[in-house]
1. Place a +1 charge on the Cβ of each Lys and Arg in the chain and a -1 charge on the Cβ of each Asp and Glu, then give the dipole magnitude about the Cα centre in debye, rounded to the nearest 20.
2. Would you list the P(r) distribution for the chain, with all Cα-Cα distances sorted into 10 Å bins from 0 and each bin expressed as a whole %?
3. Take the Cβ-Cβ distance between residue 113 and residue 48 as r, set R0 to 30 Å, and report the resulting FRET efficiency rounded to the nearest 0.05.
4. Pick from 52, 28, 80: which is most flexible by mean-square fluctuation in a GNM of the chain where alpha carbon atoms under 10 Å apart are linked?
5. How big is the equivalent ellipsoid of the range 53-129 along its three axes, where each semi-axis is √(5λ) from the Cα gyration tensor, reported in whole Å from largest to smallest?
6. Length gain on complete extension for the stretch residue 58 to residue 128, per 0.36 nm per residue less the alpha carbon to alpha carbon distance?
7. On the protein heavy atoms, probe 1.4 angstrom, tell me the percent of accessible surface of the chain carried by carbon and sulfur.
8. At 1.4 Å probe radius, can you tell me the per residue accessible area of the chain in Å²?
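The values are calculated or read from the model by the stated rules, or taken from the named source; none is laboratory data. Please read all numbers here as calculations on a predicted model, not as lab measurements. Don't worry about glycine lacking a Cβ; one is built from the backbone with ideal geometry, like all the others, and counts go over all protein chains shown. The protein model used for the area step is the full one, side chains on, heavy atoms only, and it has no ligands, DNA or RNA in it. Shrake-Rupley method; radii C 1.70, N 1.55, O 1.52, S 1.80 Å.
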Amino acid sequence: MLAHRGANVDAMSEPVRISPAEALAKMNEGYTYIDVRTPDEFAELRPAGSVNVPLTEDFASQMTAYPKDAKLVLGCRSGNRSMKAARALIAAGYTDLFEQRTGRDGSKGAFGEVTEVGWTKAGLPTEKG
């Protein structure tokens, strides 16, 4: 499968996974950070400026407020849900998105150890409520 950077994505592409710092840089370029966690998780602590669209069975249809060429970064707690969401959007025809691979908390190894820090541990801006 092909990876992508920006436009020119087709339905067979895999999302490009980026670090928290790269996600923040994309937000500074005008990308919208879509946090796909539950509303309770989102309210607890989230990347500053992010928008909550929880991952559900009909996630792609919930995203119709965003055009297919919207600049999007998808994130969650650890990168699993956001990868599913990114794949769903690519399959639905979205062409300019990235997946923030470590989520809020970070990627974990087989024994639960953090293998790459997430948004919060990287010290990037957060908000609550």
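1. So the magnitude is around 140 debye.
2. 14, 48, 32, 5, 0
3. Calculated transfer efficiency: 0.65.
4. Largest GNM mean-square fluctuation: 28.
5. Equivalent ellipsoid semi-axes, largest first: 24, 14, 11 Å.
6. Result for the pair: 22.6 nm of gain on full extension.
7. Result for the chain: 53 percent of the exposed heavy-atom area is carbon or sulfur.
8. 51 Å²
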